[in-house]
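Colleague: I have a structure here, written as structure tokens, and I will follow up with some questions on it.
The values are calculated or read from the model by the stated rules, or taken from the named source; none is laboratory data. Bear in mind that the values here come from a model prediction, so they are computed numbers and not experimental data. Glycine gets a Cβ as well: all are built from the backbone with ideal geometry, and neighbour counts include every protein chain shown.
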Amino acid sequence: MDSSNSDKQNNTQSVNEDPAGVDNEFCPGFKDVDAFVKYGLGTVVAATKASASLPQVGDEYDLYRSFPGFQEFCETQGDGLLHCMSQIMHHHGCRAHMRDRNKLTGLEERFDLVVDSNDVILEKVGILLDDAAGVNRSQQPVMPAGFQPPKIVVSSWNRKGGDSGSGRSSETFRLLQAKNVTRPQLKFREKVDNSNTPFTPKIFVKPNAIKPLPSCRSQRPEDLDVPAALADFIHQQRTQEHVEDMFAHPYQYELDHLALPENLLSKPEPQMYKPLAETKCSFIDNLEDLVAVNEKLAKTSEFAVDLEHHSYRSFLGITCLMQISTRDEDFIIDTLELRSELYILNEAFTDPTIVKVFHGADSDIEWLQKDLGLYIVNMFDTHQASRTLNLGRHSLDHLLKLFCNVDSDKRYQLADWRIRPLPDEMFQYARADTHYLLYVYDRLRVDLWEVGNGQPALLQMVWHKSKDISLKKYMKPLFTEDSYMDLLRKQKKAFNTQQLTAFRLLYGWRDKLARQEDESTGYVLPNHMMIKISDILPKEPQGIIACCNPVPPLVRQQVNELHILVQQAREMPLLKVRHASYLITLCLHFHQEPIKPGGKKRERVASETGESTPKPNKKLMKAAVKNNEDSTTPLVFKPYDYSQSDFKVFAGTQPHVFVFVYVLSDFAQKSNACAGNRSMSFFGGKSER
């Protein structure tokens with residue numbers, strides 16, 4: 001404390017000796033921030049040492065406590081500390097009642113007050129540090145991470161002109177959702193594979209290979225009248241060969257043995273992006289231009305990639321557009337027109353010496369595999385870098401605003417990217433997604449290096465996470481007999497047996513029709529409409545139409561078939577399903593019994609434990625259960641075979657046999673032996689009482 005006081009006196013004396021510097025003092029007695037921090041740090045260190053030197057409870061404290069002078073000293077110092085803490089809390093607007101007038105506040109309440117006050121003070125410190133660093137330049141209120149305030153449209157709809165200062169000469173608002181677009185799937189050279197079979201990689205030539213492709217993938221089955229993936233799967237099922245190679249990631253070996261050069265693990269020098277007006281941008285829609293783009297990409301050291309995808313009018317979704325940007329040029333590639341030729345870009349995409357920069361590549365990696373047969377080696381994901389740096393938000397528009405001061409227009413993010421020719425607004429939006437991304441990539445690497453104190457640990461972490469994303473494999477949605485349970489668990493809906501049967505039948509009908517028509521399940525029958533139909537169980541076709549607003553086109557076309565499925569569900573015995581947690585499949589055989597006299601007393605069942613039936617041996621029962629567990633065979637996944645299903649007569653030819661699914665919770669399973677749950681085993685027929 002003496003040294004700290006002497007420092008303060010020296011600072012005060014130096015200020016007093018310089019009258020010209022009095023007006024420029026940071027605070028009374030201190031010339032600048034450094035002097036104040038130096039004095040404050042010394043005071044905190046001295047106070048910490050003093051508190052650490054106090055006798056501890058159970059050590060010498062009890063001995064000192066027996067002296068009245070020590071007790072009086074502790075109370076005096078404690079009151080002084082409480083008074084000082086109350087003043088600090090009051091200064092920061094916190095609750096400062098550390099000591100009541102009549103009695104001392106409880107220890108737990110004091111501790112809570114200190115914790116709450118520390119949170120408030122530290123939050124203010126963080127805000128002030130951000131202001132000093134220039135992060136919070138605007139005076140907007142602090143919102144939670146990811147919060148997007150609504151944009152208010154003050155002009156009338158479709159009014160021409162707009163604000164002259166905004167630089168937009170287009171309409172105020174345009175609905176870029178095409179209702180009458182020709183389905184691009186009809187022009188694809190390869191048929192869309194919506195079959196209920198696993199996905200096989202669409203690659204037959206492997207550039208930059210360390211480990212070559214397996215022999216089963218060396219030929220492309222273009223002469224078959226079925227999708228290539230389905231032909232490969234059928235061949236694999238017949239021969240039972242190359243199972244692991246067929247479904248493995250084609251570049252698994254190359255990614256596992258990827259070695260990063262030293263320049264990617266060091267601090268870079270950011271290279272400023274060119275203005276949009278000075279950068280050439282080309283729209284690529286023919287094979288000749290695509291080959292030229294591939295040659296240019298092969299000569300670069302890094303390029304940025306982004307995709308635009310459409311999923312509403314296709315079962316598996318369609319990649320509609322690819323944006324690629326180098327340091328000098330931008331490319332917009334029509335992936336609908338060049339879908340079958342884009343595999344040639346694997347030469348640059350899988351080159352380990354070229355860095356591919358993505359933002360949020362989790363879906364992009366799968367879309368490239370599914371539609372174009374493209375794979376990525378040596379990728380940097382700016383989204384993972386943002387998360388590693390713990391930035392407030394991790395979206396691309398936030399990074400563009402932070403590093404480039406560019407406002408991204410997200411109105412076209414959910415537009416229908418199948419539209420051709422592409423409107424100029426959508427063209428410019430797609431171009432901006434990758435034009436600035438290489439500069440963002442440089443800035444993020446600089447921040448990772450500086451936050452890591454000049455060590456490449458954080459950079460290595462981001463490269464490793466990006467490599468894990470590159471190793472992702474696309475998985476087709478497969479329909480099984482229990483697929484509907486995944487959706488039912490998310491809805492947390494309590495259905496009885498009739499409603500559950502209707503939900504299962506509707507789910508199967510929707511999946512089958514969506515695959516046949518190549519439409520999304522949301523287009524065929526949205527989830528909320530399917531749940532409403534299952535809940536109400538309409539008796540007439542008009543009731544099904546009334547449950548849908550607006551009515552999906554395929555529902556209106558096949559409302560009679562849906563009505564048959566609902567009628568089949570209504571014929572089920574009505575039993576209550578307690579809770580939707582997990583699946584127990586149960587078969588009940590419901591037989592119509594003749595009516596018997598009701599006055600007859602129920603006879604004791606021979607299997608019940610009573611005076612005439614001894615209790616079973618517990619050791620024998622445990623041994624039998626163990627033998628049954630050992631004899632069970634492991635379950636093997638088997639895709640659902642649509643050829644064996646007929647939704648029109650789903651219940652079969654025996655109306656007295658019903659197969660349905662019960663959904664029970666953990667609580668219901670544990671209490672299954674209780675008398676209160678015996679009602680679950682009662683059939684819908686007449687009682688034998």
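Colleague: Are any of the residues in the range 457-469 part of a loop (DSSP other than H, G, I, E, B) and aromatic (Phe, Trp, Tyr)? Give the steps one after another, and end with the answer.
Modeller: Taking the range 457-469 first, the residues part of a loop (DSSP other than H, G, I, E, B) are none.
No, the range 457-469 contains no residue that is part of a loop (DSSP other than H, G, I, E, B) and aromatic (Phe, Trp, Tyr).
Colleague: Right, Gln323: in a loop (DSSP other than H, G, I, E, B) and in contact with a helix residue (DSSP H, G or I) (Cβ under 8 Å, 6 or more places away or on another chain) or not?
Modeller: Details: in a loop (DSSP other than H, G, I, E, B): no; in contact with a helix residue (DSSP H, G or I) (Cβ under 8 Å, 6 or more places away or on another chain): yes.
No.
Colleague: Let me ask you something else. Do you know which of the residues in the range 530-542 that are free of Cβ contacts under 8 Å to residues at least 24 places away in the same chain and surrounded by 15 or more Cβ atoms within 10 Å (Cβ to Cβ) is nearest to Ser195 (Cα to Cα)? Even if it seems obvious, please write down each step before you answer.
Modeller: First, the residues of the range 530-542 that are free of Cβ contacts under 8 Å to residues at least 24 places away in the same chain: 532, 536, 540-542.
From what is left, the residues that are surrounded by 15 or more Cβ atoms within 10 Å (Cβ to Cβ) are 532, 536, 541.
Details: Lys532: 28, Ile536: 32, Pro541: 30 Å.
Taking the candidates together, the pick is Lys532.
Colleague: Read through the list (1) touching a His at 6+ places or on another chain (Cβ under 6 Å); (2) farther than 26 Å from Ile318 by Cβ, then give the number of the only condition that Lys492 fails.
Modeller: It fails just one condition, (1).
Colleague: Suppose the filter is at pLDDT below 95 and closer than 18 Å to Tyr441 by Cα; does Asn378 pass it? Can you show your working first?
Modeller: On the way: at pLDDT below 95: no; closer than 18 Å to Tyr441 by Cα: yes.
Taking the combined requirement at face value, the residue does not satisfy it.
Colleague: A further question follows. Can you work out which of the residues in the range 400-426 that are under 25 Å from Asn180 (Cβ atoms) and of a type in the set (D, E, K, R) is surrounded by the most Cβ atoms within 10 Å (Cβ to Cβ)?
Modeller: First pass over the range 400-426, keeping only residues under 25 Å from Asn180 (Cβ atoms): 411-426.
Then keep just the ones that are of a type in the set (D, E, K, R); that gives 411, 416, 418, 420, 424-425.
On the way: Arg411: 14, Asp416: 17, Arg418: 21, Arg420: 15, Asp424: 9, Glu425: 17.
Among them, the one singled out is Arg418.
Residue-wise test of (1) at pLDDT below 60; (2) small (Gly, Ala, Ser); (3) loosely packed, with under 15 Cβ neighbours inside 10 Å; (4) closer than 30 Å to Lys473 by Cβ.
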{"residue": "Ser155", "(1), (2), (3), (4)": "yes, yes, yes, no"}
{"residue": "Lys160", "(1), (2), (3), (4)": "yes, no, yes, no"}
{"residue": "Arg183", "(1), (2), (3), (4)": "no, no, yes, yes"}
{"residue": "Asn194", "(1), (2), (3), (4)": "no, no, no, yes"}
{"residue": "Ile210", "(1), (2), (3), (4)": "no, no, yes, yes"}
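Colleague: Let me ask something additional. Does Arg393 fit the bill of being part of a helix (DSSP H, G or I) and more than 20 Å from Ile333 (Cβ to Cβ)?
Modeller: Working: part of a helix (DSSP H, G or I): no; more than 20 Å from Ile333 (Cβ to Cβ): yes.
Judged against the criteria, Arg393 is not a match.
Colleague: Also, quick follow-up: Report the residue count in the range 33-63 for those that are under 20 Å from Phe73 (Cα atoms) and either under 46 Å from the mean Cα position of the chain (by Cα) or of a type outside the set (Val, Ile, Thr) (or both). Let's see the steps before the verdict.
Modeller: Kept after step one, since they are under 20 Å from Phe73 (Cα atoms), are these residues of the range 33-63: 46-63.
Next, from what is left, pick out any that are either under 46 Å from the mean Cα position of the chain (by Cα) or of a type outside the set (Val, Ile, Thr) (or both): 46-56, 58-63.
Qualifying residue count for the region: 17.
Colleague: Now for a separate question. Identify all residues within the range 546-557 that are part of a helix (DSSP H, G or I) and either in contact (Cβ under 8 Å) with a residue 24 or more places away in the chain or crowded, with 17+ Cβ neighbours inside 10 Å (or both); write none if there are none. Outline the logic, then answer.
Modeller: Residues of the range 546-557 that are part of a helix (DSSP H, G or I), as a first pass: 546, 553-557.
Residues satisfying the conditions are Leu554, Val555.
Colleague: For the range 470-485, enumerate the residues that are under 20 Å from Ala569 (Cβ atoms), of a type outside the set (A, V, I, L, M) and part of a helix (DSSP H, G or I).
Modeller: Listed by number, the list holds a single entry, Tyr484.
Colleague: So Tyr429 clears everything in (1) in contact with a His (Cβ under 9 Å, 6 or more places away or on another chain); (2) buried (at least 19 other Cβ atoms within 10 Å of the Cβ); (3) part of a helix (DSSP H, G or I) except one condition, right? Which one?
Modeller: (1)
Colleague: Looking for something buried (at least 21 other Cβ atoms within 10 Å of the Cβ), within 22 Å of the chain's Cα centre (by Cα) and hydroxyl-bearing (Ser, Thr, Tyr) - is there at least one such residue anywhere in the range 454-467?
Modeller: Taking every residue of the range 454-467 in turn, at least one turns out to be buried (at least 21 other Cβ atoms within 10 Å of the Cβ), within 22 Å of the chain's Cα centre (by Cα) and hydroxyl-bearing (Ser, Thr, Tyr).
Colleague: Within the range 512-528, track down each residue that is more than 18 Å from Val559 (Cβ to Cβ) and surrounded by 20 or more Cβ atoms within 10 Å (Cβ to Cβ).
Modeller: Arg515
Colleague: Can you tell which of Phe349, Phe331 is in contact (Cβ under 8 Å) with a residue 24 or more places away in the chain, surrounded by 21 or more Cβ atoms within 10 Å (Cβ to Cβ), closer than 26 Å to Lys211 by Cβ and not basic (Lys, Arg)? Don't jump to the end; show me each part of the working.
Modeller: Details: Phe331 fails: closer than 26 Å to Lys211 by Cβ.
Result of the check over Phe349, Phe331: Phe349.
Colleague: Looking at (1) closer than 26 Å to Trp417 by Cα; (2) outside any helix (DSSP H, G or I); (3) more than 22 Å from the chain's Cα centre (by Cα), which is the one condition that is false for Tyr343?
Modeller: Just one mismatch for Tyr343, condition (2).
Colleague: Which residues, taken from the range 488-510, are among the charged types (D, E, K, R) and buried (at least 21 other Cβ atoms within 10 Å of the Cβ)? Steps first, please.
Modeller: Step one: list which residues in the range 488-510 are among the charged types (D, E, K, R), which gives 489-490, 492-493, 504, 510.
Result: Arg504, Arg510.
Colleague: Looking at the range 60-85, I want the residues that are touching a residue at least 60 places away in the same chain (Cβ under 8 Å) and have a partner that is among the small types (Gly, Ala, Ser) with Cβ atoms under 7 Å, at least 6 apart or on another chain. Which pairs are those?
Modeller: none
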